[in-house]
Amino acid sequence: MDIWPPEFDDVLRRHCRFAAADAAIAPNASLTELGMDSLQVVELIVDLEDCFEFCIPEPLLTPEVFAGPATIWKAIGPLVSVADS
Amino acid sequence: MSSMQRVSDVASRLSELSRQNRYDPYAAFDWPDSLPAEMYWLSPELMTCHGTSVWDDLSEAARITLSHHEAVSFFSLNVHLIRELIGAVVERIYTTRYPGLSEFFHDFIAEENVHAWFFATFCRRYGGKVYSARLVPGQASATQAACLRDLAVFGRILIAEELCDHFNVVMAADQQLPAICRQINRMHHQDEARHIAFGRQVVRALTEEALAEEGAEKVHDVGGYLARYVATCIHSFYNREMYSDAGIVKPGAMRRQLLATPGRAAVHRQMMGRTVDFFSRIGVFDATQVQW
């Protein structure tokens, strides 16, 4: 079972230089391991907000949340569901 | 004379100018209780949708309303850029790498503190808030050599200052805007002229140092990063929350539509052309590396 929707996967792949196109993104990899630096994290935040038409609350803009794909989705997934409903 | 000695001499002269031109920010501005709702607060040609089909589809009243939010967003962006650059300079004052620059750094920090205050005052008074920065704090890389890290840091500062200065120059002279908007932009431009003069000197010196100590390949890596920073900075003007506040129903979709409009890339090139030419002349990055 996928742990996040394809839209999230698409946004992640646009910013993960080291993610292989034919392999799943490791949920617990760090963003650094996936090839992102601080600028790409900024672009990722903005891309996620555009894609899901919501605003990531400032308290979630932390290194703990933006540690890796799984922690990001865990934090924003419930907010995206609310925004979509 | 070494490059860093030249920077130090320039910084001393700029410090003198700074102290001659010091003003009391708390007395310099006559803040009206409110700004005219029927006036633009940001010059139309600087707005993110100018020259696009979105602009054509907006009524004049809607354009003016959006300009209010774009002004607050632009000044908020300045606040966050200043937070970053004050932090970077504070980390370097009284360090062994910059022994001749501490006096200038004091003046720089003092002036930037004032700038952040008047930008934030505008935002809070007329927009009710300072828009938040869309970044995760505490992600600076400490793995590079000091000269490369400093080139990245002072390069970022210079890019941000020159981008904002482009806006300041246009708005300081724009009679369509309320007087307080023109005044803020004029005063910021006057101080920034000194900071930009210093920035170009220090970035040139750091490039020479990095080329000598670390080689062209590593300098080009920093250049690639700075070229991406140019795009990130420009894209941050397309603030999703700002569009939402202006009543745009799908602000994220509009942001993406505007950034994909071919004519906007030409506007971005024009905004940053002189800055990118400077980085190209000193061999750090060129316009072909920027995703306009």
Open item on the list: Tell me the residue from B:Thr52, B:Thr121 that is touching a helix residue (DSSP H, G or I) at 6+ places or on another chain (Cβ under 7 Å), of a type in the set (Val, Ile, Thr) and more than 23 Å from B:Glu162 (Cβ to Cβ), please.
Closed with: B:Thr52
Open item on the list: I'd like to verify a number: residues in the stretch A:1-54 that are on the phi > 0 side of the Ramachandran plot and touching a Phe, Trp or Tyr at 6+ places or on another chain (Cβ under 9 Å), how many?
Closed with: 1
- [ ] Return only the number of the condition from (1) modelled with pLDDT of 90 or more; (2) farther than 25 Å from B:Asp221 by Cα that B:Pro99 does not satisfy.
- [x] (1)
Task: Residue that is nearest to B:His115 (Cα to Cα), among those in the stretch B:203-214 that are of a type in the set (A, V, I, L, M) and open to solvent by 40 Å² or more (accessible area, probe 1.4 Å) - done: B:Leu211
Open item on the list: Being surrounded by 14 or more Cβ atoms within 10 Å (Cβ to Cβ) and either within 16 Å of B:Ile196 (Cβ to Cβ) or among the hydrophobic types (A, V, I, L, M, F, W, C) (or both) is the filter here; which residues of the stretch B:85-109 pass it?
Closed with: B:Leu85, B:Ile86, B:Ala88, B:Val89, B:Ile93, B:Leu101, B:Phe104, B:Phe105, B:Asp107, B:Phe108, B:Ile109
Task: Unmet requirement for A:Pro78, which otherwise passes all of (1) within 13 Å of chain B (Cβ to nearest Cβ); (2) more than 10 Å from the chain's Cα centre (by Cα) - done: (1)
Task: Matching residues, the stretch B:162-178, being in a helix (DSSP H, G or I) and free of Cβ contacts under 8 Å to residues at least 60 places away in the same chain - done: B:Asp165, B:Asn168, B:Val169, B:Ala172
Task: Conditions (1) within 14 Å of chain B (Cβ to nearest Cβ); (2) part of a helix (DSSP H, G or I); (3) among the aromatic types (Phe, Trp, Tyr): number failed by A:Phe54 - done: (2)
Open item on the list: Quick check on my filter: what residues within the stretch A:48-74 are surrounded by 16 or more Cβ atoms within 10 Å (Cβ to Cβ) and under 21 Å from B:Arg156 (Cβ atoms)?
Closed with: A:Leu61, A:Phe66
- [ ] From the list B:Arg149, B:Arg200, pick out the single residue that is closer than 18 Å to B:Ser3 by Cα, open to solvent by 20 Å² or more (accessible area, probe 1.4 Å) and within 13 Å of chain A (Cβ to nearest Cβ).
- [x] B:Arg149
- [ ] Filter the helices (runs of 4 or more DSSP H) completely within the stretch B:216-292 down to those with at least 2 residues that are more than 14 Å from every other protein chain (Cβ to nearest Cβ) and in contact (Cβ under 8 Å) with a residue 60 or more places away in the chain.
- [x] B:216-235, B:262-281
Open item on the list: Among (1) closer than 26 Å to B:His235 by Cβ; (2) in contact (Cβ under 8 Å) with a residue 40 or more places away in the chain; (3) open to solvent by less than 40 Å² (accessible area, probe 1.4 Å); (4) of a type in the set (A, V, I, L, M), there is one condition B:Val130 misses while meeting the rest; what is its number?
Closed with: (3)
TODO: Please go through the stretch A:34-50 and pick out each residue that is more than 7 Å from chain B (Cβ to nearest Cβ) and closer than 18 Å to B:Tyr243 by Cα.
DONE: A:Asp47, A:Leu48
Open item on the list: Conditions first: (1) more than 12 Å from chain B (Cβ to nearest Cβ); (2) modelled with pLDDT of 90 or more; (3) surrounded by 19 or more Cβ atoms within 10 Å (Cβ to Cβ). A:Pro6 passes all but one, so which condition is the exception?
Closed with: (3)
Open item on the list: Return the residues of the stretch A:23-39 that are at pLDDT below 90, part of a loop (DSSP other than H, G, I, E, B) and surrounded by 14 or more Cβ atoms within 10 Å (Cβ to Cβ); say none if nothing qualifies.
Closed with: A:Asp37
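Matching residues to (1) in contact (Cβ under 8 Å) with a residue 12 or more places away in the chain; (2) among the aliphatic types (A, V, I, L, M); (3) farther than 23 Å from B:Leu226 by Cβ:
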position: A:Ala29; (1), (2), (3): yes, yes, yes
position: A:Met36; (1), (2), (3): yes, yes, no
position: A:Val42; (1), (2), (3): no, yes, no
position: A:Ile45; (1), (2), (3): yes, yes, no
position: A:Glu49; (1), (2), (3): no, no, yes
position: A:Pro57; (1), (2), (3): yes, no, yes
position: A:Thr62; (1), (2), (3): no, no, yes
position: A:Ile76; (1), (2), (3): yes, yes, yes
position: A:Val80; (1), (2), (3): yes, yes, yes
Open item on the list: Condition first: under 15 Å from the mean Cα position of the chain (by Cα) and of a type in the set (Asp, Glu). Now tell me which residues in the stretch B:100-141 satisfy that.
Closed with: B:Glu111, B:Glu112
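The values are calculated or read from the model by the stated rules, or taken from the named source; none is laboratory data. Being a predicted model, the structure only gives us computed values, none of them experimental. We place every Cβ from the backbone using ideal geometry, glycine too, and count neighbours over all the protein chains shown. Just so you know, the surface numbers come from the protein's heavy atoms only, side chains and all, with ligands and any DNA or RNA stripped out. Shrake-Rupley method; radii C 1.70, N 1.55, O 1.52, S 1.80 Å.
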